Amino acid sequence: MPARPYVLLSCATSADGYLDDASPRRLILSGPADLDRVDEVRAGCDAILVGAQTVRQDNPRLLIRDPRRSARRAARGLPAHPARVTLTATGNLDPRANFFAPGALRLVYCATPALAAARARLGEDRAVLVDAGDPLSLDLMLVDLAERGVLRLMAEGGAQLLGAFLAGGLADELQLAVAPFFLADPEAPRLSLPRPAPGSPMTLACTSRAGEVAVLRYLLGPGGPDRRFLRWAVELSRLCPPSATAFSVGAVLVGEDGELLATGFSREQEDHDHAEEVALRKLGPAPYNPRLRHATLYSSLVPCGARASRPVTCVQHIVAAGIPRVVFAWREPRLFTDGEGAEQLRAAGVAVTEVPELAGRARAVNAHLVGSGG
Ligand SMILES: NC(=O)c1ccc[n+]([C@@H]2O[C@H](COP(=O)([O-])OP(=O)(O)OC[C@H]3O[C@@H](n4cnc5c(N)ncnc54)[C@H](OP(=O)(O)O)[C@@H]3O)[C@@H](O)[C@H]2O)c1
């Protein structure tokens, strides 16, 4: 069990960094395409967190909008909607808020002194109330969420909550949607930090557009770009369709300039797909994309050096594409094959870096195959 969930921060701002205007009405900063993107991100998370002030002010529903996404979650054995989570020092929450509507598990992390009053206000059934310490501790909350099986947490705001995660060095990723207008309202909440964040600068993983909104995807967390891209590869492995006979693996291909080239995960396109193979396929058929000759491949599991399902191993694909560097988290246990992927890569002249600190997370995704211990 990982010590804390992967924390993905998500928000939309104006071009000058505001999260809202100062009026009492909720300002929607992003357009339909971005809201749909956020819905997809939500569907890939175990829980959605918002600060108590956002619950009070915006009264969000925090549900997956597209029923096909909920159905896909259900098919994977997950609840149709992620759990809703909030945190409060005062316990001042309205029991009629949408947050407490049925349809998803509700968790309220409350500072110890306000716990009794919050229980009296909310009653027994509306939410699970959890003592989050005095003063309220984000670390305690994250440990408790992990113990409840939350592996991937999406924190959607508001300003104080996002600032606390960033300043505490507790975020793994920031997805920032920038709207094409300025608000210029000094009274409005904006994305800012109470103190400098450790580990700056962030790693810009990719940029995209959703309608008129620019979406910037930053990776954070300790260890610089290598650890950050590898953590992302491990996260991708959670998206794999489950299999009783093959590992769930995620892969990220990054160009020389740090630009994302492609991602992949096991069985993403076809039944026997390996993650590395999918990422390579997305860059077109052989002869391979020339950018691969300067790329790094990040994989949650060491690329396979022996394979039962297809004739070409991932090691052979990597060597054929001329990829000079591979970073992986987890050494393959001798479960399905005897492949010595790392040794084969090194023998072929590929620089291989193993990051054992992330092996536990990569392994946890495959607990159904290898057990949860060790
Ligand atoms: N554009 C976007 O993507 C987006 C997303 C969400 C929200 N928003 C906007 O953000 C604004 C609300 O932001 P906000 O900064 O006022 O409030 P917030 O971050 O939503 O909530 C802050 C509240 O959370 C509780 N809290 C306790 N300990 C905390 C800690 N360590 N870190 C953070 N929160 C803690 C406190 O609740 P108690 O007061 O109950 O003790 C605190 O007042 C609204 O205008 C909303 O529309 C924008």
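The values are calculated or read from the model by the stated rules, or taken from the named source; none is laboratory data. What you see is a predicted model; the values in this text were computed from it and never measured. We place every Cβ from the backbone using ideal geometry, glycine too, and count neighbours over all the protein chains shown. Heavy atoms of the whole protein, side chains included, go into the accessibility calculation; ligands, DNA and RNA do not. Shrake-Rupley method; radii C 1.70, N 1.55, O 1.52, S 1.80 Å.
Some observations on this one:
- Within the range 1-23, being farther than 30 Å from ALA146 by Cα and either among the hydroxyl-bearing types (Ser, Thr, Tyr) or near the ligand (Cβ under 9 Å from one of its atoms) (or both) holds for SER14, TYR18, ASP20, ASP21, ALA22, SER23.
- Number of positions in the range 332-360 that are in a loop (DSSP other than H, G, I, E, B), under 28 Å from the mean Cα position of the chain (by Cα), surrounded by 16 or more Cβ atoms within 10 Å (Cβ to Cβ) and at pLDDT below 95: 1
- Filtering the range 185-192 for residues that are touching an Asp or Glu at 6+ places or on another chain (Cβ under 7 Å), of a type in the set (D, E, K, R) and part of a helix (DSSP H, G or I) leaves an empty set.
- Which listed residue, of GLY221, GLY264, is in a loop (DSSP other than H, G, I, E, B) and either under 30 Å from GLY77 (Cβ atoms) or touching a Ser or Thr at 6+ places or on another chain (Cβ under 8 Å) (or both): GLY221
- Residue in the range 18-32 that is under 20 Å from the mean Cα position of the chain (by Cα) and not hydroxyl-bearing (Ser, Thr, Tyr) present: no
- Listed conditions (1) of a type in the set (D, E, K, R); (2) under 19 Å from the mean Cα position of the chain (by Cα); (3) within 13 Å of the ligand (Cβ to nearest atom) are all met by ASP172, apart from (3).
- Whichever residue in the range 39-56 is in contact (Cβ under 8 Å) with a residue 60 or more places away in the chain and in contact with an Asp or Glu (Cβ under 8 Å, 6 or more places away or on another chain) and, among such residues, is farthest from SER237 (Cα to Cα): THR54
- Considering the range 102-117, and only residues there that are open to solvent by 40 Å² or more (accessible area, probe 1.4 Å) and part of a loop (DSSP other than H, G, I, E, B), the residue that is farthest from the ligand (Cβ to nearest atom) turns out to be PRO102.
Here is a yes/no grid of residues against (1) touching a residue at least 60 places away in the same chain (Cβ under 8 Å); (2) assigned to a helix (DSSP H, G or I); (3) of a type in the set (A, V, I, L, M, F, W, C); (4) within 16 Å of the ligand (Cβ to nearest atom):
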site	(1), (2), (3), (4)
ALA80	no, no, yes, no
THR86	no, no, no, yes
GLY91	no, no, no, yes
ARG119	no, yes, no, yes
VAL130	no, no, yes, yes
ASP134	no, no, no, yes
LEU142	yes, yes, yes, yes
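- From the options ARG37, ARG25, residue that is closer than 18 Å to ALA177 by Cα and open to solvent by 40 Å² or more (accessible area, probe 1.4 Å): ARG37
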